[in-house]
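Scroll down for the structure; my scribbles are underneath it.
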Amino acid sequence: MPKHYRPPGKKKEGNAAKYITRTKAVHYLQISLSSFRKLCILKGIFPREPKKKVEGNHKTYYHMKDIAFLAHDPLIEKFREIRAHRKKIKKAFGKKNRDQANRLLTQQPKYKLDRLVLERYPTFVDALRDLDDCLTMVHLFAALPVVESERIQVERIHNCRRLSHQWQAFISRTHKLRKTFISVKGIYYQAEVEGQKITWLTPHALQQVLTDDVDFNVMLTFLEFYETLLGFVNFKLYHSINLKYPPILDPRLEALAAELYALSRYVAASSASLPKNVEANNSSEADQRDVGENDARIDESELRLAQLQHQLPTNEPGALMHMVEDATSKDDDDDETKECKYLFKDMKFFLSREVPRESLLFIIPAFGGVVSWDGDGSPFNESDEDITYQIVDRPVQGHLFLSREYVQPQWVFDCVNARMILPTEAYSVGRVPPPHLSPFVDNEAEGYVPEYAETIKRLQAAANKQVLPLPGLGIHDVDNAQNLLIEGIVDRAEANEAAEKKKKLSILEKQYHDELNMELKGIKYSTSMLNKGSSEDNVVEEDITPNIEQIAEDDQSRSKISMSRKKRKIYEAMQISKQRKRANVDLLKERKKKAQEQKS
């Protein structure tokens, strides 16, 4: 008898017991395939990849614990009730009983997903970590047209639009936006909420075309859960800044399709009235406190005033008031939030008709600016003399105001990513703007820094009063090129170039010192040149630089000999990735060279 013989009918072991195929899982739960797929999406259960696929590689496997977890969920009973109710409606229409069919249509069973949100995300930070796909999906459906055949209803689109605007209003009010980038797919945003970086994509404000190769039933199932999740997240965020949720909007602005501006007005008005409410609550709570606590507070404040008396100047009457204001004013914003808050401070923007209005209405207030647009419901008109910048995206601007600057929309996005006000000459009307660089790419890690990125870096250094090294000098000219090559920081061509530069610098430095010594000794220039010419044939260069390539190859070969096979394979994969990155950098440099040749 074999060692691992198992008689038929006995308990399974290993992967056969841990995993189950999708077909067996559907039979085990006694539901349809569409209901099983919907249940897995709502519960957050996904297929697994076992090491040994017992029933073949062409099947989908699930963990047996996940299926047992689904078997006890109340949603299964709800799905069965909905299925039975649909059969009753179909039967009533078949019997041409319109009254009963209409009555059944108004009494459809419903279910809520509130319990699933708490089950999948026990803490608020867990929900924020998983908010990227949620925001992208909600913003996508907020821009889709109504399609009855695909079950995309008007109410669902309006709900997605409302949720997305509520999220944007909170991010804009609290100045949590950090990065933005315009791409072919849409506009990328990144915000930082409670230490979590959240990145989402919004489509362009264009007419969306629905394709036939997309299963909207699956996307609508995801959207059903994401709507509930985003509603809970917005509720928590609005209550964290002491605002009522859901907000009550101005019906006139809502009718004019200016929901985001209406939300911003609501948040600003609620925040302005907040100190009065807080003061009233504090006074009501103070009346209910005990006498002993009041005496303790009086003693503490008297002790504090006694300590402050030694710090105040006697000839300044308002010094105590200033110090109390500084002590009571609490600013919980970090340095990055303060930088974003005051980027567009005391600046007024006006948007022309052709620019992406919703995107700029979200970005400009998030960085401290005031914005208006061309249309009904705008806070101020185009003829306002206090406007500092007008965003225009047309080849020629007819009427010009001398008190403002006319820039393209890309200038706002580049200023946000650079965290400074960039010069407007390159973004003026009718000119081709500079390349729009992605803030999500680390140029130093990629090995290629675009020319405009270097320009922005120097502008930032000038704004911060920093001194940068010359373009021709860097770390390669200071450090040893041999060590940099061995460590993999530079390639061989760069190491050779750095060694040549270092050699030339040392020769020039030696020549300078020799001439300085001769000048101190009083030797004339002609005499020194004759002595130098006579001794040129006998001078042998003592400092012979070693062959850096050979040294690096020897070190690599010695290191490979001492490596295990696994580490050697990992090292070779790392070298291949470096070569690919280097080839990509060379390709970018070649494209840049061709573009410069075409311009010249």
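Descriptive notes on the structure:
- Qualifying positions in region 421-439 - under 18 Å from residue 405 (Cβ atoms) and either among the charged types (D, E, K, R) or open to solvent by less than 50 Å² (accessible area, probe 1.4 Å) (or both): 422, 424, 425, 426, 427, 428, 429, 431, 433, 434
- Once region 440-455 is narrowed to residues that are in a helix (DSSP H, G or I) and without any contact (Cβ under 8 Å) to a residue 40 or more places away in the chain, the residue that is least open to solvent (accessible area, probe 1.4 Å) is 453.
- Matching residues in region 54-80 - criterion: being more than 14 Å from residue 24 (Cα to Cα) and touching a Pro at 6+ places or on another chain (Cβ under 8 Å): 78
- Residue in region 128-142 that is surrounded by 18 or more Cβ atoms within 10 Å (Cβ to Cβ), in a loop (DSSP other than H, G, I, E, B) and of a type outside the set (Asp, Glu) present: yes
- Close Cβ contacts (under 9 Å, 6 or more residues apart or on different chains) running from residues in region 320-349 that are open to solvent by less than 90 Å² (accessible area, probe 1.4 Å) to residues that are at pLDDT below 50 and outside any helix (DSSP H, G or I) comprise 320/312; 323/311; 323/312.
- Within region 413-437, if we keep just the residues that are of a type outside the set (Phe, Trp, Tyr) and assigned to a helix (DSSP H, G or I), the residue that is nearest to residue 459 (Cα to Cα) turns out to be 418.
- Region 373-408 - residue that is part of a strand (DSSP E or B) and of a type outside the set (A, V, I, L, M, F, W, C) and, of those, most open to solvent (accessible area, probe 1.4 Å): 405
- Among the residues making up region 153-180, those that are surrounded by fewer than 20 Cβ atoms within 10 Å (Cβ to Cβ) and either of a type in the set (A, V, I, L, M) or within 15 Å of residue 440 (Cα to Cα) (or both) are 154, 157, 179.
- Of the set (1) over 15 Å from residue 219 (Cβ atoms); (2) open to solvent by less than 70 Å² (accessible area, probe 1.4 Å); (3) not basic (Lys, Arg), all apply to residue 122 but (2).
- Residues that are among the charged types (D, E, K, R) and surrounded by 12 or more Cβ atoms within 10 Å (Cβ to Cβ) number at least 2 in the following helices (runs of 4 or more DSSP H) confined to region 10-61: 22-29, 33-43.
- Residue match in region 250-258 (condition: within 26 Å of the chain's Cα centre (by Cα), open to solvent by less than 30 Å² (accessible area, probe 1.4 Å) and modelled with pLDDT under 70): yes
- For region 110-117, the condition of being open to solvent by 20 Å² or more (accessible area, probe 1.4 Å), at pLDDT 90 or above and assigned to a helix (DSSP H, G or I) holds for at least one residue.
- Residue count, region 182-192 (criterion: over 16 Å from residue 129 (Cα atoms) and either of a type in the set (A, V, I, L, M) or modelled with pLDDT of 95 or more (or both)): 4
- The residue of region 347-377 that is farthest from the chain's Cα centre (by Cα), among those that are under 16 Å from residue 390 (Cβ atoms) and among the acidic types (Asp, Glu), is 374.
- Candidate set: region 205-232, residues that are within 13 Å of residue 144 (Cβ to Cβ) and modelled with pLDDT of 90 or more; chosen: the one most open to solvent (accessible area, probe 1.4 Å): 219
- Scanning region 360-370 for residues that are of a type in the set (A, V, I, L, M) and open to solvent by 10 Å² or more (accessible area, probe 1.4 Å) yields 361, 370.
- First in region 78-93 and at negative phi and open to solvent by 100 Å² or more (accessible area, probe 1.4 Å), second anywhere and of a type outside the set (A, V, I, L, M) and in a helix (DSSP H, G or I), Cβ under 8 Å, 6 or more apart: 83/35
- Residues (surrounded by 17 or more Cβ atoms within 10 Å (Cβ to Cβ) and of a type outside the set (A, V, I, L, M, F, W, C)) located in region 350-359: 352, 356, 357, 358, 359
The values are calculated or read from the model by the stated rules, or taken from the named source; none is laboratory data. In this text, all values refer to a predicted model and were calculated from it rather than measured experimentally. With ideal geometry, Cβ positions are generated from the backbone for all residues, glycine too; neighbour counts draw on all protein chains shown. Protein only, heavy atoms only, side chains kept; ligands, DNA and RNA dropped before computing areas. Shrake-Rupley method; radii C 1.70, N 1.55, O 1.52, S 1.80 Å.
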